[in-house]
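Have a look at the structure below before the remarks.
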């Protein structure tokens, strides 16, 4: 490669070494630090997602009425949080994650509403099909059959009542009551003011009380 | 599994939650929901676990892929510089053209030395500055802003 004389090239190498050497060392230190930070951040993200994923799935499932779709939406929200917002402070992850998820659930509800309107227009019943017998079968891993049946019935009644609420009331109720977000975090997740959260939540509770009756008071 | 509902952004008690005045209903609803979460079957938990790991692994892939962006940017800049230099050549007077050629030859020699030994480190530095830029962009963006989701 060196066709122009050794002296000049050697001097060039020394000058470049001097110019880049210290910056390069500093950069490798930065890279090592960056690697350690990335690993720590990944562990924190993993812990955060592991802590919210099950409730997130159930919230999405109540919102969509379909576990498989809810699973897709939760995974989508995880991917988006990790790719776009991993660098944000950890305290912001919960409102960001649930904001992504509620947006996805809302989109899914809109799509489903349109699909059902189209299907009913063509004379169908607006539902996708018969219930999956495997999904309906009791899970042998949890609880006595009586308790499990009662729990499932209770939850089915509650889910039906929540689905009958307007979308914003559903979100406010599930984020506040099920996920346990405070008013400020719920407002960030829903993209509205704290006052709106309180209004939606209050209306949701009153509507649920009216729908569920005295046995739930 | 650790319950993270008492971390920042989550209620530290239930009182604040009862704006609706229906405490018993809310408590019962929350218990029913928690029971349904606990009753999730193993297959569903496994799918959630895989989804989480895929999301985190995707981020690693993204980070690796983004490491080549500065390389491509540097190559594009070099191509653009050569193109501009070649584009200027016919308009320059002969003397100036010789000067330009001499400077370009020295630059080319420097570049040759750089490409022999230093290329990867220099390009890695560009990657570092690209990362710093992206970090600062994330920090400067408030939570409620932008189109999230």
*Out of all the residues in region A:36-43, is one or more within 9 Å of another protein chain (Cβ to nearest Cβ) and in a helix (DSSP H, G or I)?*
yes
_Going through A:71, A:78, A:1 one at a time, which residue ends up being at the interface with chain B (Cβ under 8 Å from one of its Cβ atoms), surrounded by fewer than 13 Cβ atoms within 10 Å (Cβ to Cβ) and either at negative phi or modelled with pLDDT under 90 (or both)?_
A:1
*Within region A:164-178, track down each residue that is more than 7 Å from chain B (Cβ to nearest Cβ) and in contact with a helix residue (DSSP H, G or I) (Cβ under 7 Å, 6 or more places away or on another chain).*
A:164, A:165, A:167, A:168, A:169, A:170, A:171, A:172, A:173, A:174, A:175
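Which ones in region A:81-103 are more than 7 Å from chain B (Cβ to nearest Cβ) and free of Cβ contacts under 8 Å to residues at least 40 places away in the same chain?
A:81, A:84, A:85, A:89
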_Restricting to region A:197-214, count the residues that are surrounded by fewer than 16 Cβ atoms within 10 Å (Cβ to Cβ), assigned to a helix (DSSP H, G or I) and more than 9 Å from chain B (Cβ to nearest Cβ)._
3
*Take the residues in region A:14-36 that are within 32 Å of the chain's Cα centre (by Cα) and exposed (fewer than 13 other Cβ atoms within 10 Å of the Cβ), then tell me which one is farthest from residue A:91 (Cα to Cα).*
A:32
*asked:* I'd like to check something: does region A:192-211 contain any residue that is within 23 Å of residue A:85 (Cα to Cα), touching a strand residue (DSSP E or B) at 6+ places or on another chain (Cβ under 6 Å) and without any contact (Cβ under 8 Å) to a residue 12 or more places away in the chain?
replied: no
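The values are calculated or read from the model by the stated rules, or taken from the named source; none is laboratory data. Model, not experiment: these values are computed from the prediction. Using ideal geometry, Cβ is built from the backbone for each residue, glycine included, and neighbour counts are taken over all protein chains shown.
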